[in-house]
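In what follows, a single structure is set out as structure tokens and then discussed.
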Amino acid sequence: MTATMKAAVIDRYKQPMPVIKPVPRPNIGPNDVLIKIVTASINPIDIKTKDGGLRMLLKYKMPMIMGSDFAGIVTKTGSFVSDFKVGDAVYGRVQKNRIGTFAEYIAVGQGDIAKKPANLTFAQAAAIPLVGLTSYQALHDIMDIQPGQKVMIQGGSGGIGVMAIQIAHYLGAYIATTTSKDNFDLVRSLGADYPIDFRTTNFADVLSDYDYVFDTRGGKTLSDAFKIVKPGGKIVSISGLPNARFGREYGVPLWKQLAFGFVTRDLTKLEKQTGASYTFLFMKPSGVELETLRQLIEADILKPVIDRIVPFSAINEALAYSASGHATGKIILKMTDDPESKVFS
Ligand SMILES: NC(=O)c1ccc[n+]([C@@H]2O[C@H](COP(=O)([O-])OP(=O)(O)OC[C@H]3O[C@@H](n4cnc5c(N)ncnc54)[C@H](OP(=O)(O)O)[C@@H]3O)[C@@H](O)[C@H]2O)c1
């Protein structure tokens with residue numbers, strides 16, 4: 001008989017919420033490990049994916065299990081797996097075509113995971129992979145921030161913002177960030193130098209000569225970023241529109257590259273007018289970079305910020321809360337009530 005597991009499943013795009021039901025446990029390939037998921041985090045991409053918002057980049061077969069990152073325990077290893085063994089505590093962000101962490105088990109490539117930071121609980125560890133990798137790839141890999149440079153981070157109290165501020169601080173940047181006034185103490189404690197209340201002040205009216213903007217909002221916030229960046233500076237967006245260069249690098253068909261170029265023509269014009277560059281980032285899973293983050297966490301340089309921890313059975317409320325757009329840090333799902341996992345402190 002096929003072994004089953006509980007998973008949060010959608011049967012069609014735009015289904016109002018997932019349904020928790022039994023599905024077959026995944027099989028593993030030679031380079032995979034099977035993980036018993038202890039905790040998973042909610043990310044805005046979950047709802048975007050459910051609603052078909054990423055269909056220009058990715059199409060999912062239905063039914064589909066939701067969820068992108070996790071912390072858990074290795075329960076089985078494929079025949080080519082050499083870096084992990086049964087019983088290892090790990091964390092990871094799965095490949096975009098292999099999502100499904102809102103479940104009791106997931107099969108994941110050994111290259112997409114790393115050992116869980118030893119000083120974090122499973123609940124804390126699940127708060128890192130997707131937002132930590134995204135922020136590291138934007139601020140370190142693309143911007144290559146050097147000490148003393150100035151970076152503006154939009155949404156400093158969100159899942160991304162809390163990680164991005166800490167990474168920018170570690171890299172030695174002077175950091176401005178938007179959040180609401182109630183979160184000023186939080187963002188300062190993470191390393192922000194200049195918090196700006198987005199409810200009362202437009203950042204573009206008070207900032208100038210920035211080296212970089214990390215845009216997490218898109219739209220007018222993204223076009224306003226060009227007003228504060230120096231010539232030669234960089235704007236990296238994770239919420240704007242993908243441009244033609246991104247389409248080429250991502251390997252989408254030519255017609256999509258042209259479509260991306262067309263919808264981002266105003267941003268291309270702003271690039272020419274200001275001498276700043278625009279990069280759209282779609283983050284990539286990376287066990288190697290998760291290992292770097294593990295070292296920074298164990299050295300007390302980075303720490304997770306958690307809004308709330310809820311049981312798997314409350315997933316729909318958790319997704320709705322994330323969609324409200326006002327979480328402070330991460331929302332974590334406990335995927336097991338296994339009494340031997342004393343992991344939720
Ligand atoms: N392309 C990629 O690879 C990628 C990867 C990760 C995330 N993303 C995208 O990045 C975006 C941010 O993700 P997230 O996880 O940080 O979201 P989030 O956790 O839901 O962000 C919530 C935070 O945003 C703040 N906020 C709300 N309105 C704001 C405004 N107008 N200006 C500044 N801050 C505001 C809220 O602050 P208050 O509570 O004070 O209102 C809250 O703390 C999402 O759209 C997500 O899909 C893309």
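The values are calculated or read from the model by the stated rules, or taken from the named source; none is laboratory data. Predicted model, so just to flag it, every value in this text is computed and none were measured. In this analysis, Cβ positions are derived from the backbone assuming ideal geometry, glycine residues included, and neighbour counts consider all displayed protein chains. Ligands, DNA and RNA are excluded from the accessible area calculation, which covers all protein heavy atoms including side chains. Shrake-Rupley method; radii C 1.70, N 1.55, O 1.52, S 1.80 Å.
Quick look at the values:
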| item | result |
| --- | --- |
| The range 125-155 - residue that is in contact (Cβ under 8 Å) with a residue 12 or more places away in the chain and away from the ligand (no atom under 16 Å from the Cβ) and, of those, surrounded by the most Cβ atoms within 10 Å (Cβ to Cβ) | Ala125 |
| Residue match in the range 239-247 (condition: more than 20 Å from Ala164 (Cα to Cα) and among the aromatic types (Phe, Trp, Tyr)) | yes |
| Gly92 vs. criteria assigned to a strand (DSSP E or B) and touching a helix residue (DSSP H, G or I) at 6+ places or on another chain (Cβ under 9 Å) | yes |
| Residue among Asn43, Asn27, Asn119 that alone is farther than 21 Å from Asp307 by Cβ and touching a residue at least 12 places away in the same chain (Cβ under 8 Å) | Asn27 |
| Search result, residues across the range 271-285 that are within 13 Å of the ligand (Cβ to nearest atom) and either under 17 Å from Asp215 (Cα atoms) or in contact with a strand residue (DSSP E or B) (Cβ under 8 Å, 6 or more places away or on another chain) (or both) | Thr279, Phe280, Leu281, Phe282, Met283, Pro285 |
| Selection within the range 292-321 - open to solvent by 40 Å² or more (accessible area, probe 1.4 Å), out of contact with any strand residue (DSSP E or B) (no Cβ under 6 Å at 6 or more places or on another chain) and among the hydrophobic types (A, V, I, L, M, F, W, C) | Ala299, Ile301, Ala320 |
| Residues of the range 287-323 classified as within 13 Å of the ligand (Cβ to nearest atom) and either modelled with pLDDT under 95 or among the β-branched types (Val, Ile, Thr) (or both), total | 2 |
| Residue match in the range 150-165 (condition: more than 19 Å from Leu186 (Cβ to Cβ) and of a type outside the set (Ser, Thr, Tyr)) | yes |
| One residue from Leu222, Leu241 being more than 20 Å from Leu139 (Cβ to Cβ), under 22 Å from the mean Cα position of the chain (by Cα) and within 16 Å of the ligand (Cβ to nearest atom) | Leu241 |
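One line per residue, one yes/no per condition, for (1) surrounded by 20 or more Cβ atoms within 10 Å (Cβ to Cβ); (2) within 24 Å of Gly329 (Cα to Cα):
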| residue | (1), (2) |
| --- | --- |
| Ile20 | no, no |
| Asp46 | yes, yes |
| Thr49 | yes, yes |
| Val74 | yes, no |
| Gly87 | no, no |
| Val90 | yes, yes |
| Asn97 | no, no |
